[in-house]
1. Ordering PHE189, PHE281 from largest to smallest accessible area (1.4 angstrom probe), what's the sequence?
2. Where only protein heavy atoms count, and the probe is 1.4 Å, what is the accessible area per residue for the range 217-324 in Å²?
3. If each residue of separation counts as 0.36 nm, what is the full-extension length gain between ILE249 and LYS264 once their alpha-carbon separation is subtracted?
4. So what's the back-of-envelope 222 nm ellipticity for the chain, counting only DSSP H runs of four-plus at -39500 (n - 2.57) apiece and dividing by all residues, rounded to 500?
5. What distance in nm lies between label points placed 7 Å from Cα along the C-beta direction at ALA147 and GLU197?
6. Tell me, what is the FRET efficiency for HIS315 and LYS275 to the nearest 0.05, using R0 = 30 angstrom and their Cβ-Cβ distance as r?
7. Would you mind working out the magnitude of the charge dipole of the chain relative to its Cα centre, with +1 at each Lys and Arg C-beta and -1 at each Asp and Glu C-beta, to the nearest 20 Debye?
8. Test of understanding: extend the Cα→C-beta vector of ASP29 to 7 Å, then name every residue of the range 87-106 with backbone N under 18 Å from that spot.
Amino acid sequence: MQALQYDSYGGGAAALKHVEIPVPSPKKDEVLIKLEARSLNPIDWKIQEGVLRPFVPCKFPFVPVGDVAGEIVGVAPGVEAHKIGDKVVSILGATTGGGLAEYAVAQAKLTVTRPPEVSAAEAAGLPVACLTALQALTDAAEIKLDAVGKAKNILITAASGGVGLYAIQLAKLGNTHVTATCGARNIEFVKNLGADEVLDYRTAEGSTLKSPSGRKYDAVIHCTTGIPWSTFEPNLSENGKVIDITPGINAFLTYALQRLTFSKKKLVPWFLNAKGENLEFVVKLLKEGKLRTVVDSRFPLSRAEAGWAKIMEGHATGKVVIEP
Ligand SMILES: NC(=O)c1ccc[n+]([C@@H]2O[C@H](COP(=O)([O-])OP(=O)(O)OC[C@H]3O[C@@H](n4cnc5c(N)ncnc54)[C@H](OP(=O)(O)O)[C@@H]3O)[C@@H](O)[C@H]2O)c1
């Protein structure tokens, strides 16, 4: 089968090589999927840069990418929830990767049936970005996704990116007022997703993160980097939390210090814990029209390196999708 792989750390899009490799075989509790779409995430190029070394990739050559959608063409022993011919969406293991290929092996428990109303591209956008948004909002920030929960003020930074676009929509399923940050060209886009007010992050006013309507944030879903705690702190409510999904060393130090001092306002470093039940939940929301995937750009597998370069630039509006 056709695949793209890299042989060592670094090198960016230019280091992705087109190769012909054998179709992988599913082992116990796994399925083989013929891929119809994949979506790229910043973690894909960060793994190539070596952020998770020495654990991932555990060996080279490595076929990257974890967010995939397609049709099941093989089922190993132990799989009962899926059969050949099922249309599915899946999240591949970070250590195994495998998405930039014609076929990929996935764990059955992280594979979810995709109804006919949900296209492969829409579904492939979900796994890393939408599940991170969901868990950051519901588990870390304790927002209830129904209109009867206590009213909360939320700030979402980098709201025009993959995580942000889902975070706005999910937050608006709850009883929330959403302030979002993005660049000037994406203000209408972010409002259309449901943001109640928007800050242009490149302006002096926007960089203060101050809510235009004077609200204090109960939670921040922080999807970019380079904003110090001292900027967040005056904008938080008494028990406000910043859920930092790209925590660096300063975030961990702030977190540790706040625990030692019993601070009411908190910074919470947050990492995705992929769960099939969460994926099932967001696929259902897509089917019901309560959530949508926005595609920034589409590339065929034969030009996947162009998509890789696009995601490395960090200026996509929505998801970058790689099709057959
Ligand atoms: N902890 C986890 O488990 C986890 C999971 C998923 C993602 N992440 C991390 O979360 C981050 C966001 O991921 P993503 O998929 O949403 O990225 P993405 O789709 O690449 O984000 C790109 C968007 O971010 C906007 N942006 C960049 N800097 C900004 C800033 N300072 N203020 C406001 N908007 C800004 C860009 O707008 P402009 O073009 O206008 O600059 C662009 O629209 C990445 O660092 C990723 O690695 C972590």
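1. PHE281, PHE189
2. Computed with neighbouring chains in place, this is 51 Å² per residue.
3. 3.3 nm
4. Rounded to the nearest 500, the figure is -6500 deg cm²/dmol.
5. If labels sit at ALA147 and GLU197, their model points lie 2.3 nm apart.
6. With a Förster radius of 30 Å, E is 0.50.
7. Dipole of the chain, to the nearest 20 debye: 560 debye.
8. Label zone hits: 90-97, 105-106.
The values are calculated or read from the model by the stated rules, or taken from the named source; none is laboratory data. Predicted model, so just to flag it, every value in this text is computed and none were measured. Don't worry about glycine lacking a Cβ; one is built from the backbone with ideal geometry, like all the others, and counts go over all protein chains shown. Just the protein is used for accessible areas: all its heavy atoms, side chains included, with ligands, DNA and RNA removed. Shrake-Rupley method; radii C 1.70, N 1.55, O 1.52, S 1.80 Å.
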